[in-house]
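Heads up, the thing below is written out as structure tokens.
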Amino acid sequence: AQGSDSAKLDTTASIAISSDGSGSDHVYNKTESAAAVVSGTTTGVDAGQTVTVTFTDSANHVVTATATVAANGSWTVPASSLSGLLDGPVTVKASVSDVAGNLASASVSEVKDTTATIAISSDGSGSDGVFNKTESAAAVVSGTTTGVEAGQTVTVTFTDSANHVVTTTATVAANGSWTVPASSLSGLVDGAVTVKATVSDVVGNSATASNTDSKDTVATIAISSDGSGSDHVYNSTESSAVVVSGSTGSVEAGQTVTVTFTDSQGHTASSTATV
């Protein structure tokens, strides 16, 4: 008796990663790390086979996702959160087997960088948090950053209650510090003022800090009576006990009013009162 048998030799399967969701800079920033989509192609792999993708950080924490090979050999895993991985090196690996058991894998080395911070050290309003007339004429804001490269731009805005905005910029120094030039707040109305600083690192992570201050540039004072009478002449009686009174506007209770009398020879007499 004679018999025959035939078999097909299948030893080839390959897989490639076309995109791993890290962008052209190969760095997962905060936004990309929240929803990393990996896609690629296979050859010699049957439709319906499962592709397993792993993201592994330097501490061997692993995020795993799977996809199914399409009829044309392509595959795409759903968006994966990399929040469980540390910042730093990340290895992205895709693995698949064909129905004959041939294993194929591909990997790429990327970086995760999701951290950028900014802080305002001084916003020019002083310890009272109020921009007075002098401070409003030249408000200087300074602060620090972490995880932000030297040369990046910090944008500072001053916004009043009517949404008028004054904008200025600064450059991050090598040590992470920044200082914007003196800005005039004359275009803002008195009242609440929000000082906001924003920056992004080179991979697109943004950071914001803000202070809530106020602007108060108006103070007025008027003399209602200076004790000289309607003739505006201090006679001997009036000169012995001069009483001066008046009113103020936008001046807090408890502030000190200083009254000075100066003659033609530059001689002075002074007295004080409390608002």
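What the table below lists for this structure:
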quantity	calculated
Subset of the range 172-196 that is within 18 Å of G124 (Cα to Cα) and β-branched (V, I, T) - its residue that is farthest from the chain's Cα centre (by Cα)	V189
Single residue of the range 232-263 satisfying the filter (modelled with pLDDT under 80, exposed (fewer than 10 other Cβ atoms within 10 Å of the Cβ) and more than 59 Å from the chain's Cα centre (by Cα)) that is farthest from N132 (Cα to Cα)	S236
Residue check for S200: surrounded by 14 or more Cβ atoms within 10 Å (Cβ to Cβ), of a type outside the set (K, R) and closer than 23 Å to N29 by Cα	yes
Test: T145 is more than 27 Å from E32 (Cα to Cα) and either modelled with pLDDT of 95 or more or in a loop (DSSP other than H, G, I, E, B) (or both)	no
Yes/no for A13 being aliphatic (A, V, I, L, M), surrounded by 15 or more Cβ atoms within 10 Å (Cβ to Cβ), on the phi < 0 side of the Ramachandran plot and under 35 Å from the mean Cα position of the chain (by Cα)	no
Among the candidates S239, S228, residue that is out of contact with any helix residue (DSSP H, G or I) (no Cβ under 9 Å at 6 or more places or on another chain) and more than 30 Å from S136 (Cα to Cα)	S239
Failed item, numbered, when A71 is tested on (1) more than 21 Å from S210 (Cβ to Cβ); (2) part of a strand (DSSP E or B)	(2)
In the range 154-189, residue nearest to V218 (Cα to Cα) [restricted to those that are surrounded by fewer than 17 Cβ atoms within 10 Å (Cβ to Cβ) and of a type in the set (A, V, I, L, M, F, W, C)]	V189
Test for G23: is it closer than 18 Å to G204 by Cα, at pLDDT 95 or above and surrounded by fewer than 17 Cβ atoms within 10 Å (Cβ to Cβ)	yes
Any hit, the range 208-218, residues being exposed (fewer than 13 other Cβ atoms within 10 Å of the Cβ), of a type outside the set (S, T, N, Q) and out of contact with any Asp or Glu (no Cβ under 8 Å at 6 or more places or on another chain)	no
Of all residues making up the range 129-142, the number that are in contact (Cβ under 8 Å) with a residue 40 or more places away in the chain, within 20 Å of the chain's Cα centre (by Cα) and in a strand (DSSP E or B)	1
Residues located in the range 121-153, provided they are crowded, with 19+ Cβ neighbours inside 10 Å, among the aliphatic types (A, V, I, L, M) and under 30 Å from S83 (Cβ atoms)	V148
Set V111, V92, V45: member being part of a strand (DSSP E or B), surrounded by 15 or more Cβ atoms within 10 Å (Cβ to Cβ) and more than 28 Å from the chain's Cα centre (by Cα)	V92
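The values are calculated or read from the model by the stated rules, or taken from the named source; none is laboratory data. If you're wondering where the values come from, they're calculated on a predicted model, not measured in any experiment. Note: ideal-geometry Cβ built from the backbone for every residue, glycine included; neighbour counts use all protein chains shown.
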